[in-house]
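A.B. asks: Handing you this structure, nothing more for now.
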Amino acid sequence: MFMLENLRTILMRDWLEHDLLLEAVSIEAASSDASFRRYFRVFTPDAHFIVMDAPPEKEKLDAFIKIAGLLRDVGVRAPEIYRQNLEDGFLLLEDFGNQHFLNHSDTIPTLTLYQTALANLLTLQTHKPFCHMGLPHYDEALLRRELDIFHTWFLGESLDLVIPQALWDEVQRFLVSSALSQPFTFVHRDYHSRNLMVLADGQLGILDFQDAVIGPVTYDLVSLLRDCYVAWPQQQQDAWLTAYRQQLLDAGIVNCDAGLFRQWFDLMGMQRHLKAIGIFTRLHLRDGKPGYLADIPRTFGYVTGVCARYPQLAEFGEYLRVAVQPQLDGELMA
């Protein structure tokens, strides 16, 4: 059954049927993400594809195309791009199916999937030519802009709270300083269970990589192990963290003790999780996508857990406990 028509879907169907000469037997919404991109699954009599719909005035396709090629060059599965329509903002892509880490079948054990994901991440982080491919850098300005999403949308727009400026300045300084002190590698920026696909041949496919940068070595690791959408026991997180640090040591990417690496990991996770809480709130308030609100308590728990481990964050942790937690407990986010 065809979706309800609108200008974008009419334009997309015209491109598929008249320019590409594909007989679209059916078109279904495949997924959407936290941007203006949409994805549709297109069935023809002989095959099925994904169409990325990225309105040119809102989203650029150049980065997706470039990074997809980089990933495939090092043996990591990114979707093949069969056809491009940059003027109208459409790509015809390989269909990776709908079995991501959160809803995969039991034919492949979950721990095996995560080992594969970590192996692929190591491939990306140890492929040094990525650093010379012109990708943007995760600099101080970007880190602070991301933290401001939490400050503006979650504390301000949603909870109507004003955090003492001196406290917020110190939190930002601590997190940004830690991030910038790490070795820089390829960073996917959303390397988590909803963007990792279990393919029919048992391999791992990677999606949503168009915002990749060169940045802190622990960023993607904490995205995977402290996922906003699924929580792993601390013991399992620690085992993965220890093993991965050793692999980075062996590869010459890091040269630090376990304590410093754990601190990098914790603080990078806190920066990411504060940003995510702000984005989840913005999606609800600005974009009418309330589904992500259910992920805020888990993500907030990661933040308070890190605050409890570092004296430099004790005052911020107390602020969250006194000013923010009661509002979350009272479900005032709705």
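Just so it is clear, none of the values below were taken in a lab; they were calculated from the coordinates. Note that this is a predicted model, so its numbers are computed, not measured. In this analysis, Cβ positions are derived from the backbone assuming ideal geometry, glycine residues included, and neighbour counts consider all displayed protein chains.
A.B. asks: Roughly what angle does helix 234-251 make with the longest principal axis of the chain, taking Cα atoms, 0 to 90 degrees, to the nearest 10?
C.D. replies: On a 0 to 90 degree scale, this one is about 80.
A.B. asks: Also: Determine, for D287, D160, the number of other Cβ atoms within 10 Å of each Cβ, and report the residues in order from fewest to most. Walk me through the numbers on the way to the answer.
C.D. replies: Values: D287 13, D160 9.
Ascending number of Cβ neighbours within 10 Å: D160, D287.
A.B. asks: Sort out for me the Cα centre separation of the stretch 137-177 from the stretch 213-229, rounded to whole Å.
C.D. replies: Distance between centres, Cα-based: 19 Å.
A.B. asks: Taking the Cα-to-Cβ direction at D160 and at E315 and moving 7 Å from each Cα, how far apart do the two end points lie in nm?
C.D. replies: Going from the D160 label point to the E315 one covers 2.7 nm.
A.B. asks: Expressed in nm to one decimal, what extension gain is obtained for the pair L21 and H132 from 0.36 nm per residue of sequence separation less their Cα-Cα distance? Intermediate values should be presented prior to the final figure.
C.D. replies: Numbers: separation 111, 0.36 × 111 = 39.96 nm, distance 3.87 nm.
Between L21 and H132, full extension yields 36.1 nm more.
A.B. asks: Separation between the E57 and D295 pseudo-spin-labels, each 7 Å from Cα along Cα→Cβ, expressed in nm?
C.D. replies: Simple spin-label model gives 2.8 nm for this pair.
A.B. asks: Nearest-5 percent of antiparallel DSSP beta bridges in the chain? Intermediate results must be reported in sequence, preceding the final value.
C.D. replies: On the way: 28 of 30 bridges.
Here the share of antiparallel DSSP bridges comes out near 95 percent.
A.B. asks: Ok, one more. Positive end of the dipole of the chain, charges at C-beta (+1 Lys, Arg; -1 Asp, Glu), about the Cα centre: which of L71, Q172, F49 has its Cα farthest in that direction?
C.D. replies: The listed residue farthest towards the positive side: Q172.
A.B. asks: Right, something else. Expected output is a single nm value to one decimal: the length gained when fully extending between E80 and E170, i.e. 0.36 nm times separation in residues minus the C-alpha distance. What is it?
C.D. replies: 27.9 nm
A.B. asks: Separate question: Over the chain, how many pairs of lysines fall under 19 Å by alpha carbon, counting only those 8 or more apart in sequence or from different chains?
C.D. replies: Value for the chain: 4.
A.B. asks: So for the stretch 93-237, taking the charge dipole from beta-carbon charges (+1 Lys/Arg, -1 Asp/Glu), which of T123, H137, L159 sits furthest toward the positive end?
C.D. replies: The listed residue farthest towards the positive side: T123.
A.B. asks: Determine the distance separating the Cα centre of the stretch 288-316 from the Cα centre of the stretch 77-98; give it in Å without decimals.
C.D. replies: 35
A.B. asks: Counting Lys and Arg as +1 and Asp and Glu as -1, each charge on the Cβ, what is the dipole of the chain about the Cα centre in debye, to the nearest 20? Present the calculation step by step, with values, prior to reporting the outcome.
C.D. replies: Values: 28 positive and 43 negative charges, 141 e Å.
Result for the chain is approximately 680 debye, rounded to the nearest 20.
A.B. asks: Is the stretch 1-143 rounded, prolate or oblate when judged by the Cα gyration tensor, a ≥ b ≥ c being the square roots of its eigenvalues, rounded requiring a/c under 1.5 and prolate requiring a/b larger than b/c? Write out the running numbers ahead of the final one.
C.D. replies: Numbers: a/c = 2.02, a/b = 1.36, b/c = 1.48.
Verdict is oblate for the stretch 1-143.
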